[in-house]
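First comes the structure, then the notes that go with it.
The values are calculated or read from the model by the stated rules, or taken from the named source; none is laboratory data. Given the structure is predicted, the values throughout are model-derived calculations rather than measurements. Neighbour counts run over all protein chains shown; Cβ positions are idealised from the backbone, glycine included. SASA here: full protein model, heavy atoms, side chains in, ligands and nucleic acids out. Shrake-Rupley method; radii C 1.70, N 1.55, O 1.52, S 1.80 Å.
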Amino acid sequence: MNIHTYEKVWLIAALVLIVGFIATITYGSVALGITMVGDQEETIEPSELNDDERFGEPRVEQVGENEYEAYVIAQTFTFYPDPIEVPADSEVTFYVTSRDVIHSFSVAGTNINTMVIPGEVSKMTVEFDEPDEYGVVCNEYCGDFHHTMEGLLHVVPEDEFDMTELSVEADDEIELGDEATFDVAVENAALDDLETTVTLEIGNETFEETITVAGGETHETTFEVDSSELGEGDHDWTVTVDDYEESGTLTVVEDLEDEDETDDGDDEDGDDDSDGDTDGGEDDE
Amino acid sequence: MSEARDAYIDNFPAEAKVVRAAFYSSFFALALGGVFGIIQTLHRTDFYRFIDPADYYTVLTAHGVFLVISFTIFFLVGIFTWAITTSLDREVEDIRFTWAWYLLMAVGITLSGIAILAGFIDSIDMSASVLFTFYAPLQAHPLFYIGLVLFVVGTWLAGLDWFRSWWAWKAENPDERIPLPTFMVLTTTLMWYLATLGVAVAILFFLLPWSLGLIETVNPLLTRTLFWFFGHPVVYFWLMPAYMMWYIMLPKVSGGKLFSDPLARVVFVLFLILSVPTGIHHQYLDPGIAEGFKFIAMTNTMFLLLPSLLTAFTVVASMEHGARQRGGTGYVGWLKALPWRDPVFAGMALAGLMFAAAGFSGMINAGMNINYLVHNTFWVVGHFHLTVGTAVALTFMAVTYWFLPQVTGKALWSRSVALGQVVLWFVGMTFMSNAMHRGGLLGIPRRTAEPQYDGFEFEAAVGSVGELDAQVALGGVLLTLSLVLFFANVIGTALNGRSDALPANEYAETLSGPEDAPLVLDNLKLWTAIAVVLVIFAYTFPLLSIIDRGGLLGPDVNPFPVSLESVAFLTFAVEHLGTAALESAGNAVQTVVPGVIR
Amino acid sequence: MDQATEELTQSRDREPERKREIGHDEFDPIGTLVLIGLYFLILVALWFFMYFVEFLGNDPTVVGLVLTVVGLQ
């Protein structure tokens, strides 16, 4: 076969190019540790996601120091959870699956991008160094409203991130002289124990309690406040745990049963007061 | 027949009719595809929206299927038939058979087209807005799949037609080398047979029975993998005829000869053996396929660059030969001596230039881990608008200006309009595809009606999303204008009277001819066997693993949208036919098997 | 291209004007080598740009587990 010298030169250059491309990709895999979405995960039944340990409740979970796992469901035409919140300077492993058709989970402006195929779980481990806010899009056509399928991924500063959840149950209205109760539940979804202070402020008074919530546990505390100290009227209250705050208003009335009448006659406020004082008390609870 | 004239229609009047019919079918698809193209361009970029966003996906399906299935394949069966008859210098074996495969293809694509377009009409209980890739669990009306099957069977019969011609010719010329155009057609056809096995299995065993309600579920990863078994080599099915034009027509219109016949053969052999075992590179980001399989697919894909890079050299060298024969001089000065005012030359040369750029984005797409950056973004759309949308489409349009007179016997309506058309296409596609590539790097998704989101915006380091949208829309408008000029020329030519001054039906001679090519290159059986082995090597384990993991019929997933009423009748018909076919097959087996065992 | 060539290309025999015949042995495609060498350099430069700037600069990227994490699967 008769090949011109120049063409032989080009043939060799072309082979160098090809080998160079493969070498670059291999370098990315081996030296930089860039890993492809693969077949590491077992298959899953899309119709049974609700009963699945991981996908029953799509969420972010802490699995180690600075290590988190995010269980995400893509379905027509949303992602769960949304937004996904993870801390900066962490390593997050995403597990993404679909409830219905083929979607994608693609974080705009990053190399986080995977197909989401019903029956399969896409696993991607990613390191987040800096706080940022990203959009998540589905880039595989999934039906009529495909273009509305979007989500958010928040990488929050480490010191602003915790997996604490605060909920307060409190009375709206009590009778003067009764004890107002505040049931405070502090959930700690993180691995480590959480040592913190629960603070209740109401009127001019402040109550504090130092608690320790074990990793993955919920701690419940109850504050009882004597309403006679507060006096009649509306009292704003705030429960604070770290950066979390719950607030509301407690109304102390003279007599709960008389409430309607009280509303009728504003002028006689003073009289009602003194009446209720002796009346109400224990009966009303 | 004019004595002076030596055009294709004069030598092969019956075949010219079929080729003409194939061309007109192709152009009709191009017109439809173009209309849907401009609608979606303006909708997506938010310059003009008059359709419901949900209908965008029907528009997109129509745009994709009509352009990459009907436009390209009808055109290529036309030029392949031309290439076989011209280079073997013999009529087809049976013109009725030739018409039969053409009609089968036409009926098939019409059925699929009806299923797609019915998606616009709510009162018709039929739709196929599943895009060109028809990924399950998205489900189309059975008519869509049936139409595709008939179309593909039509192309198989076309291939058989070409092989019949070659077998007959070989019997009469046992010691001659296969003429280069025939060699190209045959290798491409063999590649196509191998490639379409994937889609045939996906449709016949899974998607069609599923759409008819005969099976409840399919394995989405399996049908998707079978699709890409076919989905990557299909791009070479579009590209090979364009390559053929660059090898056998471009040197001639440049005023030179093909630089090397042997290397052209090597290139087509490489495409035959390497095209199919690469499809998994479309699935780099699929869960359920091991990284090792992806790496093997990447290696095959990268080596598939070789025939294209060799083509670049041979084709440019052939052009240079022409330019120097025309008096061109210097290291790059010879480029000025090329016939840039000839639309056939200019169109093909510009298409080739665009393909050089497409080659680069293709190299990125071939890379495994870099796929995280570009997968399913607008980048990919930019890439294939350079490949199939320009390298192939513009080459086809350019050679149409040579072929149309050959198959109609009429002079081209206007060479200047033709020249303007090919230049306009080049300029329009430059704007559009450049902006698509850049948009993809920002993470803008493909296949999305309104890629403007509520919660966030795409951030451009250079320029802005608005600027990219403007470029895409401008490009789309220029491309549409270019199409208008193209059709003006096609219609103008068809309405012209008979011309006595047509060029002869010839293709390029060679500098280094087939006598320099080792005989083994013409051993099609050997290359086919190697291709089959490579496919088995690349696909057996991934497919077995997918079936082992997810089951043949996959998990419990509902079709989407839920099945339609009009399916019931079809189900009955197919079940009936299927049972009959199975029974006869069973009988056949009963009679044959004992014979074999004995 | 001059008027004569234009007419010639439009004529019945649309063979482009040929000033001389160059045979196989006297043709060295040096112009092709120059163009394709340029293409080679562009490809290499763009490849490096795309991989090391566009791709690796597009953090975060999917990485393997650097530490062995207990309790996967």
Placing +1 on each Lys and Arg Cβ and -1 on each Asp and Glu Cβ in the range B:16-578, then taking the dipole about the Cα centre, the residue among B:Val18, B:Ile248, B:Gly288 whose Cα reaches farthest towards the positive end is B:Ile248
Rounded to the nearest 100 Å², the accessible area hidden between A and B, summed over both chains at a 1.4 Å probe radius, is 5700
Regression test value, accessible area per residue of the range B:16-578, probe 1.4 Å, units Å², expected 32
Quick calc of log₁₀ I(q)/I(0), the range B:17-76, Debye, one scatterer on every Cα, no solvent, q values 0.16, 0.18, 0.29 1/Å, result -0.51, -0.60, -1.06
With B:Leu338 itself left out, Lys, Arg at +1 and Asp, Glu at -1 over residues whose Cβ is under 11 Å from its Cβ give +2
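Compute the projected area of the convex hull of the Cα atoms of the range B:1-139, averaged over all viewing directions, and report it in nm² to one decimal place. Walk me through the numbers on the way to the answer.
Values: hull surface 46.1 nm².
In nm², the orientation-averaged hull projection of the range B:1-139 is 11.5.
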Rg from C-alpha atoms of the range B:229-326, normalised by the globular rule of thumb 2.2 N^0.38 Å, equals 1.31
For chain B, the charge dipole (Cβ of Lys, Arg +1; Cβ of Asp, Glu -1; about the Cα centre) points to a positive end, and the Cα of B:Val490, B:His141, B:Pro343 closest to that extreme belongs to B:Pro343
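What are the trypsin sites (Lys or Arg not before Pro) within the range B:274-356 that DSSP puts in a loop, where the Cβ has at most 16 other Cβ atoms within 10 Å?
Numbers: sites: B:Lys294, B:Arg324, B:Arg326, B:Lys336, B:Arg341; in loops: B:Arg326, B:Arg341.
Listed in order of number, the matching sites are B:Arg341.
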Taking a ≥ b ≥ c as the square roots of the Cα gyration tensor eigenvalues, with a/c under 1.5 meaning rounded and otherwise prolate when a/b beats b/c or oblate if not, chain B comes out rounded
A correct Kirkwood calculation over the Cα atoms of the range B:54-134 returns a hydrodynamic radius in Å of 14.4
For the protein assembly as shown, the charge dipole (Cβ of Lys, Arg +1; Cβ of Asp, Glu -1; about the Cα centre) points to a positive end, and the Cα of B:Leu544, A:His154, A:Ala185 closest to that extreme belongs to B:Leu544
Over its alpha-carbon atoms, the protein assembly as shown yields an Rg and a Dmax in Å of 34.5, 127
Expressed in angstrom and rounded, the centroid-to-centroid distance over alpha carbons for the range B:1-57 and the range B:356-407 is 18
Kirkwood Rh for the range A:46-158 from C-alpha pairs, in Å, is 13.9
One point scatterer per Cα, no solvent, Debye formula: log10 I(q)/I(0) for the range B:98-219 at q = 0.18 Å⁻¹ comes out as -0.95
Counting sequence-distant residues (5 or more places) and residues on other chains, those with an amide H built under 5 Å from that of B:Lys257 are B:Gly322
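Antiparallel versus total DSSP beta bridges in the protein assembly as shown: what percent is that, nearest 5? Mind dumping the intermediate values first?
Values: 71 of 90 bridges.
The answer is about 80 percent antiparallel.
For Cα pairs less than 8 Å apart in space and 6+ apart in sequence, what is the mean separation divided by the residue count of chain A, i.e. the relative contact order in percent?
Details: 574 pairs, mean separation 35.9, N = 285.
Averaging sequence separation for qualifying contacts and normalising by length gives 13 percent for chain A.
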Dividing the mean separation of Cα pairs under 8 Å (6+ apart) by the residue count of chain B yields a relative contact order in percent of 20
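Just to confirm the filter: which chymotrypsin sites (Phe, Trp or Tyr not before Pro) across the range A:143-243 are DSSP coil and have at most 15 other Cβ within 10 angstrom of their Cβ?
Passing both the DSSP loop test and the Cβ count: A:Phe145.
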Given chymotrypsin sites (Phe, Trp or Tyr not before Pro), DSSP loops and at most 12 other Cβ atoms within 10 Å, the longest exposed-site-free stretch of chain B is B:51-330
Partner lysines whose C-alpha sits under 29 Å from that of B:Lys257, ignoring same-chain residues fewer than 8 away, are A:Lys8, B:Lys170, B:Lys336, B:Lys410, C:Lys19
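Report the net charge of residues surrounding B:Thr61, where surrounding means a beta-carbon distance below 11 angstrom and charges are Lys +1, Arg +1, Asp -1, Glu -1. Mind showing how you got there, number by number?
Numbers: positive: B:Arg447; negative: B:Asp55.
Once positives and negatives cancel, what remains is 0.
Work the Kirkwood hydrodynamic radius out for chain A: mean of 1/r over every pair of different alpha-carbon atoms, inverted, in Å.
Working: mean 1/r = 0.0418 Å⁻¹.
For chain A, inverting the mean 1/r across all distinct Cα pairs yields 23.9 Å.
Residues with beta-carbon under 10 Å from that of B:Asp286, excluding B:Asp286: net charge, scoring Lys, Arg +1 and Asp, Glu -1?
Numbers: positive: B:Arg224, B:Lys294; negative: A:Asp39, A:Glu120.
In short, 0.
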